[in-house]
Amino acid sequence: MSDTEVPVAPVEPARRRVAPFVVLAVVVVLAAFFVVLATSSSGPKDKVGIVDSPLLGRVAPTVRSTTLDGVPFDLARRKGSWVVINFFNSTCGPCRAEHPELVKFSEQQQGFGDSGAELYTMLQINNDIDAVNKFFSDNGGDWPIVRDDDGTTNVAFGVALVPETFIVNPDGVVVLRWAGEIDSDMLSRLVQQQRDIYEAT
Amino acid sequence: MLAEGVNGLFGHSALIIGLAASVFGAGALATATLLKDQRLVRAVQGYVWVALIGAVLAVVVMERALITRDWSIAYVQKVGSPDTPPLFNFTALWSALEGSILLWLLLLAMYTSIVARRYKARMADPLVAWALVTMLVVTAFFFFLALGPTDAFQAGGVPDFAKCCKGPNPLLQNHILVLFHPPILYLGYVGFTVPFAFAIGALVTGRVGEGWLVETRRWALFAWGFLTVGIVLGSWWSYEVLGWGGVWAWDPVENASFLPWLTGTAYIHSVMVQERRGMLRVWNLSLLVATFSLTILGTFLTRSGVVNSVHAFSDSTIGPYLLGAFGVIVAVSLGLIAWRGDRLRSPGAIDSPISREGAFLANNVLFTLFAFVVLLGTVFPLIVEAKDNRQIAVGSPFFDTMAAPIGIVLLFLMAVAPVLPWRKASTELLRTRLFWPAWCGAGALVLAVLLGATGLQPLLAFTFAGFAGGSAMRQLVLATRRQGYRGLLGRTNGGMVVHLGVILIAVGLTASNSYTRAGEFTMNKGDTVQFAGHSFQLNDVVDFTAPNRVGIKALVAIDGGQAYAPAISKYTAQGMDVGTPSVKTGLRYDIYLTLENGSKPSTGLAKVKIFIKPLIVWIWVGGLLCGFGTLLAAFPGKHRRRPTDPVSAPVPLEETVDV
Amino acid sequence: MSSAANLKRWPGWVLLFLVVACFLAYGTAKDAGPLTPEQRVEEITKHIACPVCDGETVYESANPASAAIRAEVKAQVAAGLRSDDEIVAYVVQQFGEQTQLLPKASGFDALVWMLPAAALVCAGVGLFFAFRRWKRNADAIPDDDDRAMVEKALAAEVNLDGS
């Protein structure tokens, strides 16, 4: 009964004429409201899989940072190779769970030599560096880990919930965004798919 | 009984007995009233008691299961843990949906039996009987929920301690207010069932005159008082636990408790118009229906997962049932109102907008508008999603923008309405009566500006708050001068105490929203920083461990005095980080410290955020005054107007205090 | 007494309005100064919903995503190239519409702003007509029969009360 037209009804002596319309309006509004509530979806809205991003088809945002080894990192300089960026946080369960798959993927791509995709881990802001180092030394993974101490990269890629994985083509254009856990087969397949599309054009 | 343990068995049995008792009770009473069978009517008392026993037993058994850590029950696995501290293990009952429904059920059964007992002698009166039938039907619905969709006693299987039994959400186990806030809020929520039931009784019997109001007025008042105190306690909890220094975030769960408060507040004002003038009958019935159905709707919105909230500690499949209940309540009530429409025609007329009833009317328009805005904002994302399949958000900036002007106008009404006579006011009278209250408002403004307050909206709010405070004080001073301490009793005077409480809350909210200052400092052990005229020295950063959590805390001495210890804890079972602020409370402002991520005991480094939050304490005091004023209002005043005094007589110009 | 009564006539009220007007004007004018960068960051982050946590703003939230957005907003405010609205728009563009807490005032979303205004207007118009009608009907003066009826009804009500 949120409808503010209701107060008109009781204070209107000529209810004979006005009341039916007021009642009708109230009933219609309430019925519509009811339908909206009844049809609204509930439950988690987080999606795992290929998701949309305003970046798709555009040159990737500028990423200038350093890796944990202290080496400067500039995404624009990676042009010419396929780049896979995995957004990661050492405290996130799914990130830890997918890690062995990334190790597998990295080994696979290294097998292709220079044409293999380069894998980078992008940290979240405030991620404890010691914890990250410890996790990688315990669980393997020799690819560069890039810091994002001011959060710019995470914001620029619109990453809120890690893990997320982006594929960037040799022109530096973002071609795919994957939200949630991924396995090595799927990732290789997606990279290959993009490669085919890229080479066809 | 092989499938379920003794607690599950007892719990289910209690619920089944309660369900049966309330269904039979409702059926018997309805039949008896239709057939005018007095013997059967008397038998209903027994059913009500059995239903109450069922509800009490269910809660007791669940508490027993929680305390004895009976892992055979799924709910205990969900909210219990081997090492939850006793207090929070006790409150774990209402830390998830299933147990909350049990608490709701218990309070509802209590209200039902109080109604049954209080009106025992008058159960032959069809109006009372139908009211009790309504209460029993609602009780039966909640017994049904507790047995089916939200079965708290479901068998849990063998607990896998690696995954289960982690205890309540960490946010629900780090402050004592968890013990008070939910039950008191629920007392208010559930309490509005009683006036609703009487409204239904009035509609069914067609006795829609003013008789039923007398019954419901005090019930509505009590429910309103509990709801108010419950909401304020909830804000306090949020302030003390959530760690961002705010008391109100327009979160869907907060809105869900605020909506019935708004319509309930509108009701306890407009009901006076009906009592005095016999008007607004449909309107008052609608407000009661709205209030009750909004409690159900709010529960649906926040518990079904259709809107996301920081307070929604569980999702479930209860949604369709609650939505169905909401639909049935609204449809039945509207149908009844339409059916009785001919009898609802009110005879009176309001002579002038500048009168007490005119002010109440304006009050109702504003409160209803406020409720409409809050409801619209809360469900608007759902509407957009249904229409365009887009996800949008409507958040605090929207509600703040809308609430500020409405609140300021309401404060103005609060200032003017208490001095208005019924029927009609002359300019002369307004000029005289409002003179000193208006100067109170001017004084508040001057004081605020001298203390450095700026901005049009906050200054208007302070002015009208002072004005409204002056009006309320004027009424109280006149009444106590005449009657001594008894001048504080009665609806009008108690109401003025409540007004003072609401004014304090409004001032506290305005000041803390407008003038909070915050600074973030990275300090090494031993460092001192200056902020807002205070010095903060970081004495130490230390690790600490408790049975269910580990964490770090910083010891920060304010002005070289006592050390305050904001902390971050990791609840080991849930793996969840929870910040715990530390607050130095003051009459003028609170100093609110939080520890931010990135602090490390090993390096002696701490990131501390300091908030200076003005007048926060006024909100808690205001809440207390609201509760106290409600109590005062529930006592009858000394000079009750004789009901046979003509109300249509001209109002004398001199003070008419006890209206 | 008479002087007090006189005071409550126009002189006292005029003085009151003067005082209020002066202080309101002074207090409002003093507000005009620019916001500090911290205040701007606070304002902006309060207008952005945390993209992952339910029902919290970026200002409140402790989530890493919110921390990143806070840092980004801080950097952009410090750079001074974008206005508050543009910064909000930038973040919303990256994270989706559901992070924008202030609904748009265009398209279908504008309804959330317009419906309350429409409701207020409806209520106002309704009340206006109601008062006009009441005024017309107000000539009916209760006669003795009416008073007797009221008395009876009220007496019954007192009995109902059980007190």
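Simple spin-label estimate for A:SER115 and B:ASP342 gives 9.0 nm between the two label positions (7 Å along the Cα-to-Cβ direction from each Cα). Once you order the gyration tensor axes a ≥ b ≥ c over the Cα atoms, which shape class does the stretch A:62-153 get: rounded for a/c under 1.5, otherwise prolate or oblate by comparing a/b with b/c? Oblate, since a/c reaches 1.5 and b/c is not below a/b. With an a/c value of 1.5 or above and a/b not larger than b/c for the gyration tensor axes a ≥ b ≥ c computed over the alpha-carbon atoms, chain B is described as oblate.
Sort B:MET135, B:MET279 so the one with the fewest other Cβ atoms within 10 Å of its own Cβ comes first.
Numbers: B:MET135 31, B:MET279 23.
Ranked by crowding around the Cβ, least crowded first: B:MET279, B:MET135.
Estimate the FRET efficiency between B:VAL550 and C:ALA155 by the formula 1/(1 + (r/R0)^6), using the beta-carbon distance for r and 45 Å for R0, to the nearest 0.05. E(calc), rounded to 0.05, equals 0.05.
Taking a 26 Å limit on the Cα-Cα distance, which of the listed pairs C:LYS74/C:LYS104; A:LYS47/A:LYS134; A:LYS104/A:LYS134 fall beyond it? Walk me through the numbers before you get to the answer.
Working: C:LYS74/C:LYS104 24 Å; A:LYS47/A:LYS134 30 Å; A:LYS104/A:LYS134 19 Å.
Over 26 Å Cα-Cα: A:LYS47/A:LYS134.
Over all residues in A:21-30, what is the mean tally of Cβ atoms on other chains that come within 10 Å of each residue's Cβ?
Numbers: counts 0, 2, 4, 0, 1, 4, 4, 0, 0, 6.
That average works out to 2.
Subtracting the Cα-Cα distance of B:MET576 and B:ASN524 from 0.36 nm times their residue separation leaves 16.1 nm of extension gain.
Does chain A come out rounded, prolate or oblate, given a ≥ b ≥ c as the square roots of the eigenvalues of its C-alpha gyration tensor, rounded meaning a/c under 1.5 and, failing that, prolate meaning a/b above b/c? Because a/c hits 1.5 or more and a/b exceeds b/c, chain A counts as prolate. Only the Cβ atoms of Lys and Arg (+1) and of Asp and Glu (-1) were treated as charged; on that basis the dipole of the stretch A:49-200 about its Cα centre amounts to roughly 340 debye.
Do any of B:LYS166/B:LYS570; B:LYS525/C:LYS46; B:LYS553/B:LYS607; B:LYS584/C:LYS46; B:LYS584/B:LYS607 go past 20 Å between their Cα atoms, and which? It would help to have the intermediate numbers written out before the result.
Values: B:LYS166/B:LYS570 13 Å; B:LYS525/C:LYS46 31 Å; B:LYS553/B:LYS607 11 Å; B:LYS584/C:LYS46 24 Å; B:LYS584/B:LYS607 18 Å.
Long pairs (Cα-Cα over 20 Å): B:LYS525/C:LYS46; B:LYS584/C:LYS46.
Neighbouring Cβ atoms from other chains, within 10 Å of the Cβ of residues in B:350-359, number 2 on average.
By the count of other C-beta atoms within 10 Å, a proxy for reagent exposure, B:HIS269, C:HIS47 are ordered fewest to most as B:HIS269, C:HIS47. Between C:ALA118 and C:GLU38, the contour length at 0.36 nm per residue exceeds the Cα-Cα span by 25.1 nm.
Local charge for B:ASN548 was computed over the other residues whose Cβ lies under 15 Å away, with Lys and Arg +1 and Asp and Glu -1, and equals +2. In this simple spin-label model, placing a label point 7 Å from the Cα along the Cα-to-Cβ direction at both C:TRP10 and C:ASP85 gives a separation of 4.6 nm.
Suppose R0 equals 51 Å; then what is the FRET efficiency for B:ALA532 and A:ALA25 from their Cβ-Cβ distance, rounded to the nearest 0.05?
Numbers: r = 53 Å, r/R0 = 1.04.
Working from the Cβ atoms, E equals 0.45.
Ranked by how many other Cβ atoms sit within 10 Å of their own Cβ, fewest first, the residues C:TYR59, B:TYR267, B:TYR119, A:TYR198 fall in the order A:TYR198, B:TYR119, C:TYR59, B:TYR267.
Between A:PHE34 and A:ILE129, what's the calculated FRET efficiency when r is the beta-carbon distance and R0 is 56 Å? Round to 0.05. Write out the running numbers ahead of the final one.
Values: r = 53 Å, r/R0 = 0.95.
In this case the efficiency is close to 0.60.
Cross-link partners of A:LYS79 among aspartates and glutamates, defined as those whose alpha carbon lies under 12 angstrom from its own and excluding same-chain residues fewer than eight positions apart: A:GLU118, A:ASP171. Left without a cysteine partner by the 4.7 Å Cβ rule in chain B: B:CYS440, B:CYS626.
Each value in this text was obtained by applying a stated rule to the coordinates, not by laboratory testing. Since the model is a prediction, treat every value here as computed from it, not as a measurement. Heads up, the Cβs are rebuilt from the backbone with ideal geometry, glycines too, and the neighbour counts pull from every protein chain shown.
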